[in-house]
Amino acid sequence: MPGVVGRYESTRQNLYLAADVAIIAYRLAARASLFLLWYIIKMMFNRILTTVLLTAAIALLFLLQSTNPGSSSPIVILVVFVLFYIILFVVLVWVLRITSWLISRLARPVVVKKPLYQLSKSHAAYLASILAIAPIMLMAMGSVGHISIYELCLVGLFVVLGTFYVERRIM
């Protein structure tokens, strides 16, 4: 019987070794796929934004043409607000990037000590996420009831605090 036990132990060790190799291969594949995803997003940022914008605009047009707000469910109304947010977000990312590029180009001959730089893609996305939510909040408040100065001030305060937070976090 000693030969059977020894054979069993070597099979068990081989099984453990195969499991370790499989775990290492899985971790390497996961890291490689995350790197590939990061590379694709970084290199194709504008194409992804364009695709998201066109998809959201087509979906919004389809929803607005095919549904009646009075008889539709709350989920459909929520989807409309989300699609508006996505469209505003993408447009604001582009506007912020183009505006910062123009300002940095125009200020280059004037500013000598500390030159202005173009906003990064992530910085523009953070700012756009804060700025795009304000009109959506106002539309949602308007659909529920009236909008007074108090609500406008609260939304304005939210935008100012959110922008301040993003700027402090980036720096």
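Coordinate-derived values only; no laboratory data. Keep in mind that this is a model prediction, so the values were computed, not measured. Positions of Cβ are backbone-derived with ideal geometry, glycine not excepted, and every protein chain shown enters the neighbour counts.
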Open item on the list: Tell me whether segment 45-170 comes out rounded, prolate or oblate; compute the Cα gyration tensor, take square roots of the eigenvalues as a ≥ b ≥ c, and use a/c under 1.5 as the rounded threshold.
Closed with: oblate
TODO: Determine, for F158, F89, F84, the number of other Cβ atoms within 10 Å of each Cβ, and report the residues in order from fewest to most.
DONE: F158, F84, F89
- [ ] Using +1 at the Cβ of each Lys and Arg and -1 at the Cβ of each Asp and Glu in segment 18-171, identify which of P135, L63, M171 lies farthest towards the dipole's positive end.
- [x] M171
